[in-house]
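Heads up: the structure comes next, in structure tokens.
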Amino acid sequence: MDNTVLHELVAALKSIATELGRCPTRAEFEAKVHGAHRKLATVGGFAIVQQAAGLNTYVTRRLPKITNQIFEKDIVSHLADYKPREQNEKVVWPKIAILGDMHEPFSHTKLKSSFIDFCREHQPEWIVQVGDAVDFYSHSKFPRSHNIFTPKQEEQLARENLEKFWSELALAVPGAKRVMLIGNHGIRPIKRVLESVPTIEHWAEKYLTDYLSFKDVHTVMDTREEYMIADITFIHGYRSGLGAHRDHILTNVVCGHTHTGGASFRSFRGRTFFELNAGLAGDVEAPGLTYTATRTTGWTLGWAWIDKWGPRFIPYC
């Protein structure tokens, strides 16, 4: 070892440490001392210079080894005093029965009957149909057959089916508040009018409002309007993927649109939010719902239910 070089490096290290107010790192030392890398190699390394200067080395600056005594003092004692973070006050939700996309006159007749029986048994405070109650097949832009029925026949049949559905629910659950949202299928007639004869838009809107109005049922005619019950947002839906609406608006959401039922949960800032999809109440074999590429789909028949215990999807099997 070259003692002259060592003394030179020690003096330089002390000077830099005084300037910085701490022991410099090797990179800082080499940046300030000309030829430091070569000189350090001749004396055995940077740690030797640190020791000779009386400054802390990497070894002495390491965290102490955790022993049983340290564990008991710092960790076990901490757990003894630990208390879980308090959750926000739980919301007690009313009983709500939700039916998804019906696509009249292509609804699933037996499923609707089972849903009415379910409501009769459980007596919900709210009954919500989350949109696309009517398919408006004749107004579709999908390639479709014209040999099924005329547009007038389709609309008459769809209207009759919905009148029967809501009247049977009124008898089964007379005390329930009833709400129906309009969906993307529901505004198909308005879209076709705007594409061809926009000057009669107001006539079409008046017809559609009357057509989708039922006794003691509140119909939300604006597809962009949200309907609130407690802290739950009811919409028809405009995003794909279960949980996408919840994450987008950061609240509890009930929707339809994707024909895929289920519930998804996410915790955020001490609260658990959910998205509940009501699935499909239409007949997958009906002409109005045969626009998929194959007969195999991810659609799920059923309905949704919320009570004080939370949301769930009830499959129709």
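The values are calculated or read from the model by the stated rules, or taken from the named source; none is laboratory data. Please read all numbers here as calculations on a predicted model, not as lab measurements. Here the Cβ positions follow ideal geometry from the backbone for every residue, glycine too, while neighbour counts run over all protein chains shown.
Could you list, in sequence order, the residues of the range 263-299 that are buried (at least 19 other Cβ atoms within 10 Å of the Cβ) and out of contact with any Pro (no Cβ under 6 Å at 6 or more places or on another chain)?
Pass one, the range 263-299, residues buried (at least 19 other Cβ atoms within 10 Å of the Cβ): 273-283, 288-289.
Answer for the range 263-299, where residues must be buried (at least 19 other Cβ atoms within 10 Å of the Cβ) and out of contact with any Pro (no Cβ under 6 Å at 6 or more places or on another chain): Phe273, Glu275, Asn277, Ala278, Gly279, Leu280, Ala281, Gly282, Asp283, Gly288, Leu289.
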When (1) among the hydrophobic types (A, V, I, L, M, F, W, C); (2) out of contact with any Gly (no Cβ under 9 Å at 6 or more places or on another chain); (3) closer than 23 Å to Pro105 by Cβ are applied to Leu280, the one that fails is (2)
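Would a scan of the range 234-257 turn up a residue that is more than 21 Å from His103 (Cβ to Cβ), touching a strand residue (DSSP E or B) at 6+ places or on another chain (Cβ under 6 Å) and among the aliphatic types (A, V, I, L, M)? Working first, answer last.
Pass one, the range 234-257, residues more than 21 Å from His103 (Cβ to Cβ): 241, 243-244, 246-253.
From the residues that got through so far, the ones that are touching a strand residue (DSSP E or B) at 6+ places or on another chain (Cβ under 6 Å) too are 243, 246, 251-253.
Now narrow it down to the ones that are among the aliphatic types (A, V, I, L, M): 253.
Yes, the range 234-257 has at least one match.
Quick one: in the range 170-192, of everything that is assigned to a helix (DSSP H, G or I) and in contact with a helix residue (DSSP H, G or I) (Cβ under 6 Å, 6 or more places away or on another chain), which residue is nearest to Arg120 (Cα to Cα)?
Quick first cut of the range 170-192, residues assigned to a helix (DSSP H, G or I) only: 170-172, 188-192.
Subsequent filtering for residues that are in contact with a helix residue (DSSP H, G or I) (Cβ under 6 Å, 6 or more places away or on another chain) retains 172, 188-190, 192.
Details: Ala172: 5, Arg188: 33, Pro189: 34, Ile190: 36, Arg192: 39 Å.
Result: Ala172.
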Filter the range 192-234 for residues that are at pLDDT 95 or above and aromatic (Phe, Trp, Tyr); the one that is farthest from Ile306 (Cα to Cα) is Tyr211
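Being in a loop (DSSP other than H, G, I, E, B) and β-branched (Val, Ile, Thr) is the filter; apply it to the range 118-154 and report the residue that is nearest to Gly282 (Cα to Cα).
Applying the first criterion (in a loop (DSSP other than H, G, I, E, B)) to the range 118-154 yields 123-125, 130-133, 135-136, 140-150.
Now narrow it down to the ones that are β-branched (Val, Ile, Thr): 130, 148, 150.
Values: Val130: 13, Ile148: 17, Thr150: 20 Å.
So the residue we want is Val130.
Test Thr209 against the criterion of being assigned to a strand (DSSP E or B), assigned by TED's automatic domain parsing to the domain that holds Asp135 and not aliphatic (A, V, I, L, M), and give yes or no.
Numbers: assigned to a strand (DSSP E or B): no; assigned by TED's automatic domain parsing to the domain that holds Asp135: yes; not aliphatic (A, V, I, L, M): yes.
Taking the combined requirement at face value, the residue does not satisfy it.
Can you name every one of the helices (runs of 4 or more DSSP H) wholly within the range 1-43 that holds 1 or more residues which are in the same structural domain as Gly54 (by TED's automatic domain parsing), surrounded by 17 or more Cβ atoms within 10 Å (Cβ to Cβ) and at positive phi?
Details: elements: 3-20, 26-32, 36-43.
In the range 1-43, there are no helices (runs of 4 or more DSSP H) which contain 1 or more residues that are in the same structural domain as Gly54 (by TED's automatic domain parsing), surrounded by 17 or more Cβ atoms within 10 Å (Cβ to Cβ) and at positive phi.
Could you please give the count of residues in the range 212-223 that are surrounded by 11 or more Cβ atoms within 10 Å (Cβ to Cβ) and part of a loop (DSSP other than H, G, I, E, B)? Explain how you work it out, then say what you get.
As a first pass, look at the range 212-223 and keep what is surrounded by 11 or more Cβ atoms within 10 Å (Cβ to Cβ): 212-214, 216-221, 223.
From what is left, the residues that are part of a loop (DSSP other than H, G, I, E, B) are 212-213, 216, 221, 223.
Qualifying residue count for the region: 5.
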Pairing a residue in the range 134-160 that is assigned by TED's automatic domain parsing to the domain that holds Ile187 with any residue that is charged (D, E, K, R) and not in a helix (DSSP H, G or I), where Cβ atoms lie under 6 Å and the two sit 6 or more apart in sequence or on different chains, gives Val134/Glu104; Ala158/Glu104
Over the range 300-317, the set of residues touching a helix residue (DSSP H, G or I) at 6+ places or on another chain (Cβ under 8 Å), of a type in the set (A, V, I, L, M) and crowded, with 20+ Cβ neighbours inside 10 Å is Leu301
